[in-house]
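The values are calculated or read from the model by the stated rules, or taken from the named source; none is laboratory data. Bear in mind the structure is a predicted one, so any value in this text is a computation, not a measurement. In this analysis, Cβ positions are derived from the backbone assuming ideal geometry, glycine residues included, and neighbour counts consider all displayed protein chains.
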Amino acid sequence: MNREQLFASFILDRRTGIEIALPAEQVIEAMSLNAPIQPLPTGVFFLEGVMHLRDDVIPVINLKKRLALAETDYSTDAKVAVIQFNAKRYGLLFDDIRDVLRVSPQSIEHLDPFLLSAETVIVDLIKLEQGRRTLELLDLRRLFPDGAAEIESGLDRREPAPAIQRTYLQFVIFSCREQVYGIPVGDAKEICFFNDIDQTFKSGKVEGALQLRGQTIPVLCSATLLGCSEETLKPTEDTRILVMQSGLLSFGLIVDRIYQILVVADDEIMPIPGRHLPHLQGVCRCSKYNNIMLLDVPELVSSQSDKISAMTRLRKKSDETIEETSSTRHLITEHCYLVFAIGKHYAIELRDVQEIIDCGGDFMRIASGGGLVQGIINLRGRIVPVLSLRSFYSCPDQNVVSREPGRDDKLIIGKANGNLVALLVDEIVTIYKQERFHTTPSLRPELQSKKDTLDRLIEFVNGNGLKEHVLVVNVANVLRNHLLIPDQETAGPEEAAVEEPTLVG
């Protein structure tokens, strides 16, 4: 099958216009040099030195020397592409970063074998724009013919310790009186708009109760529970009720605002010294929110457990049989949808959502010539295609369709059959519980070619109490039928590491 491939392109030398291409999956990240390269007097002639990248030391290769160019120096604004080969990372120096592009097999031309020598590292050319633009495709197997033994011998360092398998946790991130907190996704069941609470049950730190599908759910104020404030509750349009399950206890927590689900590596959580703050698991640092306090939910509500337990046994209808908590369904995964906006409301089954992230600096735009994929992101070492749903579904307001993705946009990481896709949307609306769905009866003409991805709809009651029909995106069919990514029999390592779905209010 003649399938297009993704390549990252770099300007090797501005003076001569030499442009180098690498398969996108081989590039871990590309960045400016934040610190000078540390020279090494030993090693091969094209080893420029080493650079420090977080907790690792990366050999940096001067490709101008390796390719025997006349001028081999680099300016202060040089860029480095970090690539991985044979389970090791290396930096390749470039004058600049160009773009990420999709290339058809017909655009790749192989050099004749008689033109190649043992020292040749460029064996293919990529011809674009009817031959007006030519990229030289770097073959890492030829650049490192012996697993880079010569380079490694020049570093004079100890054998690195075996890589430690990192595990990732997910936390619902919310704010309370300007402090940001996180609770484990496993303790979160549902996110509700703030509605009038039945204050008949108001007592102490319990603000009242919420009637949810026949069950009486006691509701507590996070500010009061966390000791932030004893003032009267003043809800705003951002106020949400986070319904949680901790052991046998079901309760709601009023929070000022819910931001997103944050994926955190377990070794990035800093523990709290001593035992005087048992309700805190620890603290993690995030550039967007600074320090986030991670809560231990059972300890947080331990002082209210008797009152919560008594209230959760109350039913809206006295003749209903109480369902045992151990057999209740996980409301986040059963019949729940993530509602988002792309000019109008759409939804996606929550079980098809791995996480939600901001469309930030990791987004790499693709010169796709009008193709479906707008760009790619590097999601913790995995290349994920980005699909703009506003463009895909031909939503109105073409000015918005044509704009560049901004940092306020969101990327919904959808998953299906072992594959991932990043769905670019304008904003996240809420998590919505809906037991029933309906087959989509008809679609406007411009959506007929996408009807396999919109095969159902739900009835959504928005924050104004108005009911509307919302189309549900079928992630599996988007990946299989439109992005032409075949199903995998087993989930990849990234999905295995983060199995819980994501929430955003």
Take the residues in segment 234-248 that are of a type in the set (Ser, Thr, Tyr) and outside any strand (DSSP E or B); name whichever of them is farthest from Gln215 (Cα to Cα).
Thr236
Applying the selection to segment 425-457, what residues are more than 23 Å from Gln260 (Cα to Cα), surrounded by 15 or more Cβ atoms within 10 Å (Cβ to Cβ) and among the β-branched types (Val, Ile, Thr)?
Thr440, Thr453
In segment 339-348, how many residues are touching a Ser or Thr at 6+ places or on another chain (Cβ under 9 Å) and farther than 14 Å from Arg390 by Cβ?
1
Those residues of segment 34-75 that are closer than 24 Å to Arg14 by Cα and either touching a Pro at 6+ places or on another chain (Cβ under 9 Å) or outside the structural domain of Ser9 (by TED's automatic domain parsing) (or both) come to a total of 5
Name the one entry in Arg480, Arg436, Arg444 that is of a type outside the set (Ser, Thr, Tyr), at pLDDT below 85 and more than 26 Å from Glu190 (Cα to Cα).
Arg444
Answer residue from segment 249-308, given it is over 29 Å from the mean Cα position of the chain (by Cα) and in a helix (DSSP H, G or I) and is surrounded by the fewest Cβ atoms within 10 Å (Cβ to Cβ) among those:
Asp306
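For every residue, the table says whether it meets (1) surrounded by 12 or more Cβ atoms within 10 Å (Cβ to Cβ); (2) under 28 Å from the mean Cα position of the chain (by Cα).
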{"residue": "Arg54", "(1), (2)": "no, yes"}
{"residue": "Glu71", "(1), (2)": "no, no"}
{"residue": "Thr76", "(1), (2)": "no, no"}
{"residue": "Gln84", "(1), (2)": "yes, yes"}
{"residue": "Ser117", "(1), (2)": "no, no"}
{"residue": "Asp139", "(1), (2)": "yes, no"}
Does segment 124-135 hold any residues that are out of contact with any helix residue (DSSP H, G or I) (no Cβ under 7 Å at 6 or more places or on another chain) and either among the aliphatic types (A, V, I, L, M) or part of a strand (DSSP E or B) (or both), and which are they?
Asp124, Leu125, Arg133, Thr134, Leu135
Regarding segment 398-409, can at least one residue be identified that is surrounded by 13 or more Cβ atoms within 10 Å (Cβ to Cβ), within 25 Å of Ser449 (Cα to Cα) and at pLDDT 80 or above?
no
Which count do you get for residues in segment 216-233 that are part of a loop (DSSP other than H, G, I, E, B), touching a residue at least 40 places away in the same chain (Cβ under 8 Å) and not hydrophobic (A, V, I, L, M, F, W, C)?
1
Looking only at strands (runs of 3 or more DSSP E) that fall completely inside segment 1-98, which ones have 1 or more residues that are farther than 23 Å from Arg133 by Cβ, in contact with a strand residue (DSSP E or B) (Cβ under 6 Å, 6 or more places away or on another chain) and at pLDDT below 90?
27-32, 47-53, 56-61, 79-85, 88-94
Give me the pairs, please: first residue somewhere in segment 99-118 and within 19 Å of Ile20 (Cα to Cα), second residue anywhere and among the acidic types (Asp, Glu) and exposed (fewer than 10 other Cβ atoms within 10 Å of the Cβ), beta-carbon distance under 7 Å, and either six or more positions apart or on two chains.
none
